[in-house]
1. Once you place label points 7 Å from the Cα toward the Cβ at ASN111 and GLU53, how far apart are they in nm?
2. Only four residue types carry charge here, +1 at the Cβ of Lys and Arg and -1 at the Cβ of Asp and Glu. Report the dipole size of segment 22-117 about the Cα centre in Debye, rounded to the nearest 20.
3. What is the packing order of peptides 351-361, 146-156, taking the mean over residues of other C-beta atoms within 10 Å and listing the highest first?
4. Using the number of other C-beta atoms within 10 angstrom as an exposure proxy, rank ASP279, ASP104 with the fewest first.
5. For segment 154-244, what is Rg from Cα atoms divided by 2.2 N^0.38 Å, rounded to two decimals?
6. Just going by the charge dipole of segment 257-395, with Lys and Arg at +1 and Asp and Glu at -1 on Cβ, which of GLY386, GLY321, TRP337 is farthest out on the positive end?
7. For segment 13-147, compute Rh as the Kirkwood radius over C-alpha pairs and then the Stokes-Einstein diffusion coefficient at 20 °C and 1.002 mPa s; write the answer in µm²/s, rounded to an integer.
8. Could you give the length gained by full extension between ARG360 and THR385, i.e. 0.36 nm per residue of separation minus their alpha carbon distance, to one decimal place?
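Just so it is clear, none of the values below were taken in a lab; they were calculated from the coordinates. All of these numbers come straight from a predicted model, not from anything done at the bench. We place every Cβ from the backbone using ideal geometry, glycine too, and count neighbours over all the protein chains shown.
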Amino acid sequence: MSPRIEPVAPTGAEFTTLYVSFEISRKSWVVGIKGPASERIGLHTLAAADVKELRILIERQRTKAERSLAGPVRVLCCYEAGYEGFWLARWLKQEMGLETVVLDPASLLVNRKAKQRKTDRIDAKKMVRALLAHDRGDAAVLSRVRVPSVEEEDCKRLLRERQRLVKERTALTNAVKGLLKLHGIFDLEPRTADFDAAFAAATTACGEPFPPRARREIKRIVERLGLVMRQIEAVEAERDAAVRRADADRCSARDAGSAAWADATIAMLSRLKGIGTNDATLLTHEVFYRQFRNRRELAGWAGLTPTPWASGDVQRDQGIGRDGPAWIRAQLLQMAWRWIRFQPGSVLSQWFEARTAGARGRIRRVMIVALARKLLIALWRYANTGLVPTGAHVA
């Protein structure tokens with residue numbers, strides 16, 4: 001029997017590469033740098049977002065490495081995805097021509113001890129080591145985050161702004177209702193057109209005039225509520241206008257991610273009964289613009305796949321992975337419930353009803369997650385290939 005040949009690292013690329021990591025915080029950046037001719041990881045502290053000094057530092061370290069090797073040196077950078085977004089990766093690419101790996105912070109290996117040391121300097125070194133292993137071919141040491149284009153990021157703004165405005169509308173409405181209930185008034189709706197007139201004539205449950213300070217507070221809240229509602233109407237009008245402008249024909253595959261492709265995809269998904277414009281917008285701008293190789297990768301990104309725990313005789317399931325954005329997963333579950341209601345003749349709805357068989361409560365809540373996974377995959381195929389989910393009604 002011939003000995004097994006283990007895979008080896010690429011042919012010495014790490015010996016001509018300068019590895020750079022950025023541990024980003026509000027006040028300062030810790031930059032970790034490992035040169036091609038050194039095992040030591042140097043640490044440098046810069047002011048936050050000081051790209052001028054960052055350029056000087058990288059160029060100085062690259063020049064030093066090129067002088068020691070008497071040849072060109074490649075620079076590979078990395079940092080953790082976070083609130084800073086992707087502007088740094090774009091700046092490094094456009095201004096310095098450097099490749100940047102934006103990594104998922106949760107994918108880095110951690111020590112399992114109860115107490116762990118954590119500082120910015122330790123994290124900067126840890127990222128350099130992970131980047132070095134990843135560059136050598138070990139894909140399991142970190143997970144890369146796809147860097148979207150500026151246009152793709154901008155297309156997400158309408159949906160996210162609307163969600164934020166809807167939350168503000170709900171909060172303001174509840175604030176007014178709460179103040180009214182303090183004085184025994186339960187029949188006034190702040191979002192109706194005749195609220196001002198009805199509130200002006202309202203009295204407390206004891207028949208007394210409404211307290212003046214509470215009245216003025218409610219009026220100010222209602223003014224803010226009116227502004228929020230007008231902004232929601234403006235956002236929805238802009239969203240609907242883009243869908244109406246979309247051509248009936250799909251854009252070519254090479255245009256995936258463009259604004260025209262997105263508008264056409266939203267219009268296409270909206271023709272499915274039970275899939276509203278907001279649902280189609282979320283699926284297009286938050287999910288389907290990404291490149292998924294297969295259905296398992298899509299379901300795994302959404303966090304809808306099972307998480308097994310098996311060791312020896314112990315075998316149990318830990319529930320779904322919940323790896324993706326929680327708010328997108330919540331929207332997918334709502335889509336699944338609506339799909340059962342508006343598409344009862346589809347194969348997916350019939351599968352759900354057969355599996356639950358009239359059950360109530362927990363069984364239906366568990367199975368709706370499985371339906372959401374199946375529905376997401378079916379809609380992804382429909383958006384990319386035009387294959388209508390079996391038995392679904394298309395307007």
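1. 2.9 nm
2. Values: 17 positive and 11 negative charges, 77 e Å.
Once rounded to the nearest 20, the dipole reads 360 debye.
3. Details: 351-361: 11.7, 146-156: 14.8.
By packing density, highest mean first, the sequence is 146-156, 351-361.
4. Values: ASP279 21, ASP104 13.
Going from least to most buried by this count: ASP104, ASP279.
5. Output field value: 1.32.
6. Highest projection toward the positive end goes to TRP337.
7. On the way: Rh = 15.2 Å.
Estimated diffusion coefficient is 141 µm²/s.
8. Details: separation 25, 0.36 × 25 = 9.00 nm, distance 3.58 nm.
Between ARG360 and THR385, full extension yields an extra 5.4 nm.
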